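Just below is one structure, and these are the notes that go with it.
What follows draws every value from the coordinates through simple rules; no lab data is involved. Small disclaimer: the values here were computed from a predicted structure and weren't measured. Here the Cβ positions follow ideal geometry from the backbone for every residue, glycine too, while neighbour counts run over all protein chains shown.
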Amino acid sequence: MTEPVAVLITAAGSGRRFGGKKETEDLDGRAVLDRAVSAFCRLPGLTALVVTAPEGLEAGLRQALGSSTFTDLERLGDRFRIVPGGATRRDSVRRGLEALAKTLAPAVTADGSAALLPENVQDMVVLVHDGARPWLSPALAERVASAAARVGACVPVTPLVETPKEISPDGLVTRHPPRSVLASAQTPQGFRLGPLLEAHRKAESEGVEATDDAELWARYVGPVAWTEGERANRKITFREDLGYRPGDSDPVGGVPARAVPDPFTADSRGDVPEAFRVGEGWDIHRLVPGRRLLLGGVEVPSDRGEEGYSDGDVLLHAVIDALLGSAALGDIGLHFPPGAPEWKDADSRDLTRRARDLVRRAGWRPVNLDCTVILERPRLAPHREAIRSSLADLLGLDRSSVSFKAKTMEGLGPVGEGRAVEARAVLLAVRA
């Protein structure tokens, strides 16, 4: 059964940097706001939709909505509203949430207590979206809503393209944060309605401002989960942003770059834009008594196991290198250096998940893994399916996308003599 979802679209800003009301600007024959609203009109479970407008301009925003959008919203009746916003984004969101609460539960909100909302409204997911983001896909809205229903709060993010710097007012760079642990937040952001409304009321009473709702949720409620955003889901901030179209590369100097061609077709210069990447990984470990033999997160019965600073899982170490290689993020030693106290006896499954998340934040997603373990004994055939399942789970893949093979060295070299185990991995990643 589909859970009910409410939507709040903020369009009460002044548009100072844009030089006018950007939500009413024409974008290929439709207003920016109309495109933003229409992405939610057929959202499964849509129960109410509120748009915030500059006070006194509610009628103008209503006129910006096209006839097909109004037709889709007719089923909501008076649960579709355009209401006055506030002086700041935080205040506009709070007013929009108040309007949603009164629309969904008019009898119990008079005293201003979100705690008195009925449970079905208190726990309802609300998606908060910028009215100046006209290029989001309905699929992104559904993904955020689904995650927020599971964990309470979810934000779509995209990896940073440029290297971030922390700067001071006196013109100095004060810190060089690693790009791999940072991301840009988008909307729609999803939350449980009751706790978000209470967080905004507390922020108002304490005079706390925030540039997005996830910041207030983290301050007053709890952790915020993230999901992969969409590069096309850009926000119109400056007038030249109207020239962007999904598929364009990032503008340089305010001028939109040429559209990215089909990924399998060379352009006039013979270049093929990146649609996928391949990463390769290899590792070898000594086999010693008193250690567990771990392969792909599965313990294989043996009288000897891998020697290593971590748990020594040679297959996962090869997979991690393939993962990182697919996104050009270096190797396992760069991110989890041996000798660092935090990685002593580390579970390689945890390291694999961390590497997977780094790759996702860099804008890539694994889709296929082929790996081989070279080991003289014991036989690995009885453990093949367990290893495949473990690898699929760690990478977020279907088991049918994971290939595992076991070989011997026919008695040759340290592996063939039973003194070592070797692993190789090749991973295919696509643009997230």
With an 8 Å cut-off on Cα pairs and a minimum separation of 6 or more residues, tell me the relative contact order of the chain in percent. 13
Spin-label point model (7 Å from Cα, Cβ direction): what's the L76 to L412 distance in nm? 6.9
For the stretch 412-427, just list the computed ³J(HN,Hα) in residue order, Karplus coefficients 6.51, -1.76 and 1.60, θ = phi - 60°, integers in Hz, with x standing in for Gly and Pro. 9, x, x, 5, x, 7, x, 9, 8, 10, 10, 9, 10, 8, 10, 10
Neighbour counts of other C-beta atoms within 10 Å: give me F191, F18 arranged from fewest to most. F18, F191
Taking the Cα atoms only, what angle lies between the long axis of helix 138-151 and the longest principal axis of the chain, rounded to 10 degrees? 80
Sorting Q122, S390, T10 by the position of each Cα along the dipole of the chain (Lys, Arg +1; Asp, Glu -1; all at Cβ), the one nearest the positive end of that ordering is T10
Rounded to a whole number of µm²/s, how large is the Stokes-Einstein D of the chain at 25 °C and 0.890 mPa s, given Rh as the Kirkwood radius over C-alpha pairs? 100
For G86, which sequence-distant residues (separation of 5 or more, or a different chain) have an amide H within less than 5 Å of its own amide H, given hydrogens modelled in the peptide plane? S92
If you line up the Cα atoms of the stretch 5-243 on their principal axes, what length do they span on each, largest first, in Å? 54, 42, 32
For the stretch 348-432, size of Cβ-based charge dipole, Lys and Arg +1, Asp and Glu -1, in debye: 340
I'd like the distance separating the alpha-carbon centroids of the stretch 312-338 and the stretch 7-40, in whole Å. 44
With each pseudo-label sitting 7 Å past Cα toward Cβ, what's the E3-V278 distance in nm, one decimal? 4.2
Using just the alpha carbons, could you tell me how many Å³ per residue the convex hull of the stretch 287-374 encloses? 92
Provide the per-residue ³J(HN,Hα) series for the stretch 305-313, in order, calculated from phi with Karplus coefficients 6.51, -1.76, 1.60 and θ = phi - 60°, each as a whole number of Hz, with x at glycine and proline positions. x, 6, 7, x, 6, 8, 6, x, 5
By DSSP, what percent of the beta bridges with both residues in the stretch 276-431 are antiparallel, rounded to the nearest 5? 80
Does the stretch 1-52 come out rounded, prolate or oblate by the C-alpha gyration tensor, with a ≥ b ≥ c the root eigenvalues, rounded set by a/c under 1.5 and, if not, prolate when a/b is larger than b/c and oblate if not? oblate
Stretched fully, the stretch from E385 through S14 gains (0.36 nm per residue minus C-alpha distance, one decimal, in nm) 127.7 nm
Taking a quarter of the surface of the Cα convex hull of the stretch 276-431, what do you get in nm²? 8.4
Hz values of 3J(HN,Hα) by residue in the stretch 392-407 - Karplus curve (6.51, -1.76, 1.60), Gly and Pro given as x: 4, 5, 5, 9, x, 10, 6, 4, 5, 9, 10, 10, 10, 10, 10, 10
Give me M409, M124 sorted ascending by neighbouring Cβ count inside 10 Å, so fewest comes first. M409, M124
Highest mean first, what order results for 418-429, 377-388, 288-299, 334-345 on Cβ atoms within 10 Å? 418-429, 288-299, 377-388, 334-345
